[in-house]
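In what follows, a structure is listed as structure tokens, so that the remarks can point back to it.
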Amino acid sequence: MMNSITNDIKIIKNETSKINEVDFENLTFGNTFTDHMLICDFRNGVWEQPVIKAYEPFTIDPSAKVFHYGQAIFEGMKAYKDANDDVWLFRPDENHTRFNKSAVRMAMPEIPENIFIDGLKTLLNIEKDWVKFGNGNSLYIRPFMIAIGSGVIAQPSSQYRFMIILSPAKSYYSGEVKVIIAEHFSRAANGGIGAAKAAGNYSAQFYPTKLANDQGFQQIIWTDDATHTKLEEAGTMNVFFRIGDTLLTAPTSERILDGVTRKSVLDIAKRDNIATEVRPVLVEELVAAAKNGTLKEIFGAGTAAVINPIIGFSFRDEYFELPKLENSFALEIKEKLNNIQYKLAEDTFNWTVKI
């Protein structure tokens, strides 16, 4: 291994790589990881020197507070390669800002930009061969932080570990997606941690999603916890509804994640003169639109899936199939968003950052 220091980041580089063992045409999302990872610990009130080293397991105390009190947050990002073999990030400042908002909500220390952004760029420069050119190809980036302080007393940890791991990816979802509208389970509640990318938000979804899977549905459209009358998110994604020629989505709140892809979809729609409304969308409104034929599309939007069309939904044992459209907003906006990410179109928003 070769050791070096770059911009206060210690690099312990592997002399060999496992990249030639990877079948990049047949990737299972999130199962394959690159040769290196970034790790940085917070102790005694300060962040220590970041280290880029071989991707490998690490030892942690059984009483670490992440296991007992769930102090764990993460982000989802992607790197893309263009036709000139250059690697690009998409709106990384938004992920850094949201990561720190999550940290504050979970009583965890904020991560400085020189560790999050500069550390990520350094790591990507080392692993750039893992980013493959081509539509659908990307390198999924998972920054996360866990509480590593020991002791089972119910209080925030005094020690934390920030890490970045990388996973080559193709499309997150495949096949047709049908959803069921939730009437009992909730993703999040007012005053809770729904707006944070906290690990517990996702584990709490597993059981109701399993119940939906058992009924033949791939995902759930979550509704508000108080009345179950307002449509909020779809699975792990923000959700959009096209009624007539207007694109509707719920406003962000304590319950709804402020998605980077969501913001980008709205910005592209506004640029291209697609009518948008950010407001509460009611279940009864969706059902009425499905019955009178004005509901044209539903799609989820998120980093992993980018945009995922939904072909139908169920509510109170009644299933509504959506029409197949030639002028799909979902597919049109996804193409335009992908073209920006892969540098196939001009980035008029200045969203992309070259590594």
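The values are calculated or read from the model by the stated rules, or taken from the named source; none is laboratory data. Being a predicted model, the structure only gives us computed values, none of them experimental. All Cβ positions, glycine included, derive from the backbone under ideal geometry; neighbour counts span all protein chains shown. Note: areas computed on protein heavy atoms with side chains; ligands, DNA, RNA excluded. Shrake-Rupley method; radii C 1.70, N 1.55, O 1.52, S 1.80 Å.
Quick one: in the stretch 78-201, what % of C-alpha pairs are over 22 Å apart? For the stretch 78-201, the fraction of Cα-Cα distances above 22 Å is 51 percent.
I need the shape label for the stretch 158-206. Rule: rounded when a/c is under 1.5, else prolate if a/b > b/c, else oblate, with a, b, c from the alpha carbon gyration tensor. Here the stretch 158-206 falls in the oblate category. Heavy atoms of the protein chains alone define the surface here; on that basis the chain has 46 Å² accessible area per residue at 1.4 Å probe size.
Each other residue within a Cβ distance under 12 Å of residue 322 adds +1 if Lys or Arg and -1 if Asp or Glu, for a net charge of +1. Taking amide hydrogens as placed 1.01 Å from N in the peptide plane, the amide H of residue 132 sits under 5 Å from those of 138, each at least 5 positions away in sequence or on another chain. Note on residue 58 and residue 203: their simple-model spin labels are 1.9 nm apart, each label 7 Å out from Cα toward Cβ.
Carbon-plus-sulfur accessible fraction, the stretch 62-189 (probe radius 1.4 Å, protein heavy atoms only): 49%.
Please state the shape class of the stretch 310-355: rounded when a/c is under 1.5, otherwise prolate if a/b exceeds b/c and oblate if not, all from the C-alpha gyration tensor. The shape class here is prolate. The rule of thumb for compact globular proteins, 2.2 N^0.38 Å, goes into the C-alpha radius of gyration of the stretch 75-129 1.28 times.
Provide, for q = 0.16 Å⁻¹, the log10 of I(q)/I(0) from a solvent-free Debye sum over equal Cα point scatterers in the stretch 152-283. Evaluating at q = 0.16 Å⁻¹ gives log10 I(q)/I(0) of -0.96.
Kindly provide the helix-only [θ] at 222 nm of the chain, computed as the sum of -39,500 (n - 2.57) over DSSP H runs of four or more divided by all residues, to the nearest 500 deg cm²/dmol?
Rounded to the nearest 500, it is -7500 deg cm²/dmol.
Kirkwood radius for the stretch 25-150, taken over all pairs of different Cα atoms as the inverse mean of 1/r, rounds to 15.9 Å. With the convex hull built on the Cα atoms of the stretch 127-199, state its orientation-averaged projected area in nm². Mean projected area for the stretch 127-199: 9.0 nm², to one decimal. Length available on full extension from residue 273 to residue 13: 0.36 nm per residue minus the Cα-Cα distance, which gives 88.7 nm. Compared with the alpha-carbon gap, the fully stretched path from residue 254 to residue 22 is longer by 79.5 nm at 0.36 nm per residue. So, R0 is 25 Å and r is the distance between the beta-carbons of residue 214 and residue 246; what FRET efficiency does that work out to, to 0.05? The formula returns an efficiency of 0.15 here. Its Cα gyration tensor gives the stretch 1-71 an equivalent ellipsoid; the semi-axes, largest first and in whole Å, are 27, 21, 10. Calculated from the alpha-carbon coordinates, the stretch 196-237 shows an Rg and a Dmax of 10.7, 29 Å respectively.
A simple count of charges around residue 333, restricted to other residues whose Cβ falls under 13 Å of its Cβ and scoring Lys, Arg +1 and Asp, Glu -1, yields +2. Take each peptide in 326-336, 40-50, count the other Cβ atoms within 10 Å of every residue, and average; sorted highest first, the result is 326-336, 40-50. When you count the other C-beta atoms within 10 angstrom of each residue and take the mean per peptide, 158-168, 342-352 line up highest first as 158-168, 342-352. In terms of its C-alpha gyration tensor, the stretch 245-355 has a prolate overall shape, because the principal axis ratio a/c (a ≥ b ≥ c, square roots of the eigenvalues) is not below 1.5 and a/b outweighs b/c.
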